[in-house]
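Accompanying notes for the structure given below.
The values are calculated or read from the model by the stated rules, or taken from the named source; none is laboratory data. Note that the structure is predicted; figures quoted are calculated from it, not measured. Here the Cβ positions follow ideal geometry from the backbone for every residue, glycine too, while neighbour counts run over all protein chains shown.
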Amino acid sequence: MAKNKADGLQELTGWRAIFWPIYPTELKKFLPMAIMMMCILFNYSVLRGLKDSFVFTNMGEEAIPTLKLWFVLPAAVLFMLVYSKLSNAFSKNTVFYAVVSFFLTYFLVFGLLLYPFRQSLIIDFSAVSSPFWKRLLLPISGWVYSSFYVVAELWGSAMVSLMFWRFANDVTSLKQSKRFYSMFGFVANGALIASGTVLKTVKDIGVIITVAVVSCLIIISIYYWLNNCVLTDPRFFNPDDLKKPKTKVKLSLGESLKYILRSKYLGFIVLLIICYGVSINLVEVMWKGQAKLLYQSEAEFSGFMGGLQIWTGLATILCMLVGANILQRCSWFTAASVTPFMIFVTGLIFFSCVIFKETLSPIISSCGLTVLGVITSVGLIQNVLGKGTKYSLFDATKEMSYIPLDEELKSKGKAAVEVIGGRAGKSGGAAIQFLLLHVIFIGSSLVELAPVIAYIFIAVMLLWFFAVSGLNKQFLKITVDYHR
């Protein structure tokens, strides 16, 4: 094996390079970070399954656009404001502990107080006669479910996209990231299988929330151990091996946003995140609305979501193996193009099944299947493959694009891009659906508007491919003189 002069390690070859490109001396750093990501993804998957079962079975899919647009987006903006203030006033470690503690506290309150007394906490709007206002006030009426939905959505943006990856980017070199990042997902996505099993087998919500609380405690413990017992050892973390950051300038929120808006590079990253959020949301809400017709009770829908998590976990692990080699052997552009291509193709198949269901009905019936069952299955496949490629390649390539940036863009820039960009993506899809349902085609259902939504989906996907091409040019340009 060839000697790597840069780090004094033997170059990995053969099957080892494909399936486990981690050196034994790196395990003390790699494994705790992978386990921490596993706990974060476990909570993310459990919370996602619960929030959907709560809302879809108690409010219906038409409540989702209102929730995401008027509740989740403002909460994301508020989180970004608080995070920016905390980042200016405290150390990175203190901010990390504060964010995890917030979620931990909410889970305890929800499990001990809100969920057990949810029926008595419902706000009665039965006096409202207008169907339009009844639909808009539904999330406020069931505010216990709505608050859980908002916090669960924030967990994905705050913990997965922001807190973990910012920490990983701070302690991982660009060269090391090509081996570590895809393998983080490969190890951590076993959490999807575990969370899916929990959702399918555990019927007591209190027990599930308790498990989420324990995961938060494990995350805090690992983070503390890494910072105090691992990263203090120059064998595992040497700041001199990383790009030396410029002197950090503390900016106000307004100044930070102006700074970000002046960055064409960050603009393309924002566009990637928004396109992903809008495209997956346009398909997902309609698909889950169809699934609700098959799985009508809270327990049945939660079990269905558990099955989704298991299949997503298996697909993601497979995609991680393939993705690790794509990242090492192919260009950034090729790796970044896989996710939009997968979502585009499978999304078109799903919309075709919904739009032409009457035409396809005789063919499907002749095979002993139901149209609703086929649509639900196609949507499941679309979601599994889309999420699998997202976790394995979209996240890895996006995070790689942050590494060459200066400290200001990495911290505040990443916070604004991830939290606001992510929420704008999902809220963008919600805004489109809200306008279609409540302004343009009042009284229509999402299924009736499938042809219109399909055209919007195609336009968003074309914009996504444009963003990948634009960011690739910027990434190649900025990394020419960047060496580690």
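Say whether the condition of being of a type in the set (A, V, I, L, M), at pLDDT 85 or above and under 22 Å from the mean Cα position of the chain (by Cα) is met by at least one residue in the stretch 388-398. Checking the stretch 388-398: at least one residue is of a type in the set (A, V, I, L, M), at pLDDT 85 or above and under 22 Å from the mean Cα position of the chain (by Cα). The condition of being more than 19 Å from the chain's Cα centre (by Cα), over 21 Å from GLY111 (Cβ atoms), among the hydrophobic types (A, V, I, L, M, F, W, C) and assigned to a helix (DSSP H, G or I) holds for only one of LEU136, LEU162, that being LEU136. Of all residues in the stretch 471-479, none are within 22 Å of GLN290 (Cα to Cα) and without any contact (Cβ under 8 Å) to a residue 60 or more places away in the chain.
Scanning the stretch 326-338 for residues being among the β-branched types (Val, Ile, Thr) and crowded, with 16+ Cβ neighbours inside 10 Å gives a total of 2.
Counting only helices (runs of 4 or more DSSP H) wholly contained in the stretch 21-106, the ones carrying 2 or more residues that are at pLDDT 85 or above occupy 27-58, 73-89.
Residues of the stretch 359-383 being closer than 30 Å to TYR181 by Cβ, surrounded by fewer than 22 Cβ atoms within 10 Å (Cβ to Cβ) and touching a residue at least 60 places away in the same chain (Cβ under 8 Å), which ones? The answer is LEU380, and nothing else.
For the stretch 165-180, filtering for residues that are closer than 24 Å to CYS330 by Cα, at pLDDT 75 or above and either in contact with a Ser or Thr (Cβ under 9 Å, 6 or more places away or on another chain) or not in a helix (DSSP H, G or I) (or both) leaves 4. For the stretch 90-99, the tally of residues that are surrounded by 13 or more Cβ atoms within 10 Å (Cβ to Cβ) and over 16 Å from LEU78 (Cα atoms) stands at 5. I want to confirm something. Restricting to the stretch 261-284 and keeping residues that are of a type in the set (Gly, Ala, Ser) and surrounded by fewer than 21 Cβ atoms within 10 Å (Cβ to Cβ), which single residue is nearest to ILE343 (Cα to Cα)? For the stretch 261-284, the residue satisfying everything is GLY267. Residues in the stretch 132-170 that are farther than 22 Å from ILE208 by Cα and free of Cβ contacts under 8 Å to residues at least 40 places away in the same chain: TRP133, LYS134, LEU137, ILE140, SER141. Can you find a residue in the stretch 231-238 that is buried (at least 20 other Cβ atoms within 10 Å of the Cβ) and either under 30 Å from LEU114 (Cα atoms) or at pLDDT 65 or above (or both)? No. Flag: PHE341 matches the condition of being over 28 Å from VAL198 (Cα atoms), surrounded by fewer than 16 Cβ atoms within 10 Å (Cβ to Cβ) and within 19 Å of the chain's Cα centre (by Cα). Of GLY313, GLY306, GLY289, GLY323, all but one fail to be surrounded by 18 or more Cβ atoms within 10 Å (Cβ to Cβ) and either free of Cβ contacts under 8 Å to residues at least 12 places away in the same chain or touching a Lys or Arg at 6+ places or on another chain (Cβ under 7 Å) (or both); the exception is GLY306.
What about SER146, is it among the hydroxyl-bearing types (Ser, Thr, Tyr) and closer than 26 Å to GLY303 by Cβ? The answer is yes for SER146. Exactly one residue out of ILE193, ILE222, ILE208 is at pLDDT 90 or above and under 21 Å from the mean Cα position of the chain (by Cα), and it is ILE208.
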